[in-house]
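Everything below concerns the one structure shown next.
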Amino acid sequence: MQYTNAIPEKKPHILVCNDDGIDAEGLHVLAASMKKIGTVTVVAPSEPRSGMGHALTLGVPLRVKEYARNNRFFGYTVSGTPVDCIKVALSHILTEPPDILVSGINYGSNTATNTLYSGTIGAALEGGIQHLPAIAFSLTTYENADFTYAGKFARKLVRKVLREGLPSDTILSVNIPNIPESDIRGVAVTSQGKSRWAENTIERDDMYGNPYYWLSGKLELLDNEMLYDEYAIRQNYIAVTPVSIDMTNHDALNNIRQWKLKR
C-alpha cells in the first residue's frame with residue numbers, strides 16, 4: 001500500500017478548516033492546539049456550513065476576507081463550503097502546499113452515515129484528493145461542549161501522522177466523546193458503522209398558509225460491536241476511522257461483471 005510521505009522533523013505548516021464557521025469554538029481550540037507544534041493557516045467558511053458534505057459552490061463568486069480575533073489577524077473566511085475553502089486555500093492563499101490539513105473540531109459526531117453528510121469530513125477528503133495527509137476531528141455533542149481534551153488529542157494524533165504518514169487517498173475521521181479525559185477508556189481504530197438517521201421531517205405553514213419543512217431525526221444505533229465508530233464512542237472510546245476517497249464497492253465488482261451487461 002502506498003503511503004503519503006511522512007514529514008521530516010521540522011516545524012510543519014498546518015492548514016485548519018471546519019464546517020461550523022470561522023466563529024466556532026472548536027475551530028479556535030484546534031488552531032490554538034496546532035500552533036503549539038507548527039505554523040498554522042486558518043481558512044474557514046464565513047458562516048456555519050454543516051451538512052454540506054463535499055458540496056462545491058458553482059455559478060456564484062466566492063469572496064475571501066481576512067478575519068481578526070481580539071484585534072489580531074486569525075485567518076481567512078470564504079463565502080462558500082468547506083471544500084471551497086480548501087480549494088481556495090491551495091490555489092490562492094498559500095504559496096506552497098501545507099504539510100497536513102486538519103478539519104474541525106466539529107460539534108456533533110461524524111460517524112456512520114453522518115460521514116456522508118459532513119462538511120468537516122468533506123474538507124478533509126478534499127485534502128486527501130489533493131494528496132495531503134488530512135484528519136477530521138469531531139466532538140460527540142451539540143451542547144455543553146468542552147473541547148479541551150479534543151484539542152490535546154488532536155495535537156497528539158497530528159504528530160503521529162506527521163511521523164508515519166497515511167495511506168494514499170485515505171483520511172482519518174476522529175470522533176471524541178464529550179467526557180472528562182479521565183473517563184476516556186482508550187482509542188479504538190474502527191470501521192464506519194451502519195447506524196443511520198430515523199427521519200422526522202416536521203411540516204409547518206407559513207403566514208400565508210404555504211407549507212414548509214424542517215429536517216429532523218435521530219441517529220439510530222444499528223451497530224453493537226467495538227469494530228464500529230458510533231458504538232465505540234458510546235462506550236467512551238475515541239474512534240479513529242480510516243476513510244477512503246475511493247467509494248467503489250470492490251467486493252461487488254466481480255458479481256456485477258457476471259451480469260454481462262450490454263448496451
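The values are calculated or read from the model by the stated rules, or taken from the named source; none is laboratory data. All figures in this text were calculated on a predicted structure; none of them were measured in a lab. Counting neighbours? That spans all protein chains shown, and the Cβs are built from the backbone with ideal geometry, glycine included.
Quick notes
- Scanning the range 110-139 for residues that are part of a helix (DSSP H, G or I) and at pLDDT 95 or above yields a total of 11.
- Screening the range 199-223 for residues that are within 30 Å of VAL189 (Cβ to Cβ) and surrounded by 10 or more Cβ atoms within 10 Å (Cβ to Cβ) and picking the one that is modelled with the lowest pLDDT gives GLY217.
- Restricting SER91, SER103, SER195 to residues that are small (Gly, Ala, Ser) and free of Cβ contacts under 8 Å to residues at least 60 places away in the same chain narrows the list to SER91.
- Selection count, the range 228-251, where residues are part of a helix (DSSP H, G or I) and either at pLDDT 95 or above or under 18 Å from SER173 (Cα atoms) (or both): 6
- Residues (surrounded by fewer than 22 Cβ atoms within 10 Å (Cβ to Cβ) and in contact with a helix residue (DSSP H, G or I) (Cβ under 8 Å, 6 or more places away or on another chain)) located in the range 28-37: ALA32, LYS36, ILE37
For (1) at negative phi; (2) part of a loop (DSSP other than H, G, I, E, B), each residue gets a yes or a no:
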position: MET52; (1), (2): yes, yes
position: GLY59; (1), (2): no, yes
position: ALA68; (1), (2): yes, no
position: TYR76; (1), (2): yes, no
position: ALA89; (1), (2): yes, no
position: GLU96; (1), (2): yes, yes
position: ASN106; (1), (2): yes, no
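The rows are residues; the columns are (1) modelled with pLDDT under 95; (2) among the small types (Gly, Ala, Ser); (3) more than 14 Å from the chain's Cα centre (by Cα).
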site	(1), (2), (3)
LEU30	no, no, no
ALA44	no, yes, no
SER79	no, yes, yes
ILE86	no, no, no
ILE93	no, no, yes
GLY108	yes, yes, no
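- The range 23-47 - residue that is among the β-branched types (Val, Ile, Thr) and outside any helix (DSSP H, G or I) and, of those, nearest to LYS87 (Cα to Cα): VAL43
- Going through (1) among the polar types (S, T, N, Q); (2) assigned to a helix (DSSP H, G or I); (3) closer than 16 Å to SER109 by Cβ one by one, ASN254 falls short only on (3).
- Number of residues in the range 178-227 that are outside any strand (DSSP E or B) and of a type in the set (A, V, I, L, M) equals 8.
- In the range 158-177, residue surrounded by the fewest Cβ atoms within 10 Å (Cβ to Cβ) [restricted to those that are among the β-branched types (Val, Ile, Thr) and in a helix (DSSP H, G or I)]: VAL161
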